[in-house]
Amino acid sequence: MSDRIAARQRPVARIVCDARRRRTVRNMERRFTGEFASGEPVRATAVIRNDGMYPHKDVGEPLVHPGDTGVVRESWRFLGEIYYTVEFVARSVFVIMRGHEMVRMGTAFDAA
Amino acid sequence: MHPAVSNGSYDVNRVRQDFPILSMQVHGKNLVYLDNAASAQKPNAVLDRLTQAYASEYANVHRGLHYLANAATEAYEGARDKVARFLNAERREEVIFTRGATEAINLVAQTFGRERIGAGDEIVLSIMEHHSNIVPWHFLRERQGAVIRWAPVDDDGNFLIDEFAKLLNARTRLVAITQMSNVLGSVVPVKEVIGLAHARGIPVLVDGSQAAVHMDVDVRDLDCDFYVITGHKLYGPTGIGALYGKYQHLATMSPFNGGGEMIREVSCETVTYGEPPHRFEAGTPPIVQAIGLGAAVDYVQSIGKERIRRHERSLLTYAQERLRGINSLRIIGTAADKGALVSFEMKNAHAHDFATVIDRSGVAVRAGTHCAMPLLDRFGVTATCRASFALYNTLEEVDALAEALVKAQELFS
């Protein structure tokens, strides 16, 4: 995606903190550009299950668990939504993630 | 939640079981239906609902004093509620049932448009519009003297929003724009389009015929003035669509068609009209079709658009990869954000010819102008072949398409 297009397409990410741990849910919308850039370390906040596209595990089996750490390898848009291809090295998988399913490591949003 | 996705998976084979037509054979081959942007197949949930409505709930709606009339009215108005929720409309009265997207756009053109657009006034369209979002505005050009201006795309099919912004001026009275091209698949950033138009006080109609099938639609978030959908692309019946309009617009618009249902009082000398939505639903409405559309909306939502998007993205990625490997094909439309369809042409063969050839392999695609002649002119082609994907298509079907095209290529080379 060119810088020009990326700059124009400013998505809104919803970051949801861990409700069970904090007993409250904080929804905050935060405009960002360039967050979750390629090469950035992130931490998963949701269980991502195999929807059938990953051939080495059964359908429905978890591929990523909350707390797993990975590295953003690519971001792209599909049908107006922004997606990230994230490599979870320890689990040897590349998983397509949404912004609300992960947080940047080492930031105030990183609950781990 | 649909059982095909209940454990976080996307079991496409389970989804396919819902669509009886997909198990048929064509020319002795398994049907590979890739003409979904033209019209999608129907799940049992819709087919059964249509049968049930005709078999046990059917009568004319509204003002009925008997059991069946009340049952039909409840189901019909219930479908309006479902569509209102599907679009996140503020009020159910903002949803008007029409015969389809075409009628919905004509309704706006001949009421809202005709009352506000005069000689020299400008209507901005994108070059990617379907004829259904072009010809109604040509009517205003022919009859009212309006001027149509065209927002361009680049050579990849990306919508050029900066160029669009330059088209807006003091004479612009309306923007009518698709959210997703039916030929290129390009997604138009309509929220930005609406923001730019509204900053100048210009209302916006969004043609969601393609987009509403695949994208989450939130008319309040978009802040669009009108949003149009059609039922048959959304796994629903033919003969039904819906127009969303902000209530403040609908309340001031004149009727489109005249007849029963849409009036308050009629005398020999005068007539007064009902309130929206009934003001715009003259005559007996498409009762069962609307009920079927409601069932289709329920079906799509039981699977979830996010899951459908992920599945369709996989199909698109794989299809582009396979088709790029076929030397004689040229893919038209490679926008940064595009939906799950691929338009292409084949060297030395007309799209109609090789579409007919691959039909012998059971592969159903569409070929021609796709009701978008200005766009094809823009790309310097007279016809393309289009493979368009839906929630029930598989990677194996992409392989079948590619293999059929390789065979056709050998025939025409």
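The values are calculated or read from the model by the stated rules, or taken from the named source; none is laboratory data. Since we're looking at a predicted model, the values are computed, not measured. Reconstructed Cβ throughout: ideal geometry from the backbone, glycine too, with neighbour counts over all protein chains shown. Keep in mind that these areas ignore ligands, DNA and RNA; they rest on the heavy atoms of the full protein, side chains included. Shrake-Rupley method; radii C 1.70, N 1.55, O 1.52, S 1.80 Å.
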Gap separating the Cα centres of region B:1-40 and region B:234-298, nearest whole Å: 33 Å
Environment charge of B:ASN169, counting only residues whose C-beta is closer than 13 Å and scoring Lys/Arg +1, Asp/Glu -1: +3
Measuring from label point to label point, each 7 Å out along Cα→Cβ, what is the B:ASN13 to B:LYS191 span in nm? 3.9 nm
With R₀ set to 35 angstrom, the calculated FRET efficiency between the beta-carbons of B:ARG171 and B:THR382, to the nearest 0.05, is 0.55
Once amide H atoms are placed 1.01 Å from N in the peptide plane, what residues at a sequence separation of 5 or more from B:ALA151, or on another chain, have their amide H within under 5 Å of its amide H? B:LEU125, B:SER126, B:ILE127
Run through region A:54-104 and list the chymotrypsin sites (Phe, Trp or Tyr not before Pro) located in a DSSP loop whose Cβ has at most 12 other Cβ atoms within 10 Å. none
Rounded to the nearest 10 Å², what accessible area does A:THR69 have for a 1.4 Å probe in the complete protein model? 60 Å²
Enumerate the amide H contacts of B:GLU261 below 5 Å, restricted to partners 5 or more residues apart or on another chain; note that Pro and chain-start residues carry no placed amide H. B:GLY283
For chain B, built as a Gaussian network whose Cα springs stay under 10 Å, the top-fluctuating residue of B:ASN133, B:ASN106, B:ASN327: B:ASN327
Three-way shape label, region B:94-146, alpha-carbon gyration tensor, a/c 1.5: oblate
Taking the Cα centroid of region A:55-107 and of region B:338-353, what is the distance between the two, rounded to the nearest whole Å? 33 Å
Can you grab the distance from the C-alpha centre of region B:116-139 to the C-alpha centre of region B:145-209, Å, no decimals? 11 Å
Take every residue in peptide B:311-323, count the Cβ atoms of other chains within 10 Å of its Cβ, and give the average of those counts. 2
Cα pair distances of the protein assembly as shown binned at 10 Å [whole percent]: 4, 17, 26, 27, 18, 7, 1, 0, 0
Could you tell me what percent of the accessible area of region B:225-312 is made up of carbon and sulfur, with a 1.4 Å probe and every protein chain present? 51 percent
Expressed to two decimals, region B:48-301 has a Cα Rg over Rh, using the Kirkwood radius, of 0.99
I want to check the label-to-label distance for B:ASP154 and B:GLN52. Put each point 7 Å from Cα in the C-beta direction and report it in nm to one decimal. 5.0 nm
Chains B and A, summed buried accessible surface - 1.4 Å probe, Å², nearest 100: 2000 Å²
First select every other residue whose beta carbon is under 15 angstrom from the beta carbon of B:GLY380; then total the charges, Lys and Arg +1, Asp and Glu -1. -2
Please list 3J(HN,Hα) in residue order for region B:20-25, calculated via the Karplus relation 6.51 cos²θ - 1.76 cosθ + 1.60 where θ = phi - 60°; whole Hz, with x for glycine and proline. x, 5, 6, 8, 7, 10
Of the DSSP beta bridges with both residues in region B:48-301, give the percent that are antiparallel, rounding to the nearest 5. 45 percent
Got a sec? What order do B:ILE229, A:ILE82, A:ILE96 fall in by accessible area at 1.4 Å, biggest, i.e. largest, first? A:ILE96, A:ILE82, B:ILE229
To the nearest 0.05, the calculated FRET efficiency linking A:SER92 and B:ARG91 through their beta-carbon distance, R0 being 45 Å, is 0.30
5 Å-binned pair-distance histogram of region B:116-224 (Cα, whole percent): 2, 13, 25, 24, 21, 11, 4, 0
Cα-centre dipole for the protein assembly as shown with unit charges at Cβ (Lys and Arg positive, Asp and Glu negative), debye to 20: 780 debye
Lysines with Cα under 19 Å of B:LYS42, excluding same-chain neighbours fewer than 8 positions away: B:LYS82, B:LYS233, B:LYS305
For A:VAL64, list long-range residues whose amide hydrogen, built 1.01 Å from N in the peptide plane, is under 5 Å from its own amide hydrogen. A:ILE48
Can you work out ³J(HN,Hα) from phi for every residue in region A:94-105, in order, using Karplus 6.51 cos²θ - 1.76 cosθ + 1.60 and θ = phi - 60°, giving whole Hz and x for Gly and Pro? 9, 10, 7, 10, 9, x, 7, 9, 7, 10, 6, 6
Apply the Karplus parameterisation 6.51 cos²θ - 1.76 cosθ + 1.60, with θ equal to phi minus 60°, to every residue of region B:133-144 and state each ³J(HN,Hα) to the nearest whole Hz, in sequence, with x for glycine and proline. 10, 10, 4, x, 7, 4, 4, 5, 5, 5, 9, 10
What's the extension gain from B:VAL266 to B:ALA119 if we count 0.36 nm per residue and subtract their Cα-Cα distance? 49.6 nm
Please report the relative contact order for chain B, taking Cα pairs under 8 Å with a sequence separation of at least 6, and give it as a percent rounded to a whole number. 23 percent
What's the magnitude of the charge dipole for region B:112-263 around its Cα centre, counting Lys and Arg as +1 and Asp and Glu as -1 at the beta-carbon? Answer in Debye, nearest 20. 540 debye
Quick one: accessible surface of B:GLU163, probe radius 1.4 Å, all protein chains present, in square angstrom to the nearest 10. 70 Å²
Contact order relative to length of region A:34-104, as percent, for alpha carbon pairs under 8 angstrom and 6 or more apart: 34 percent
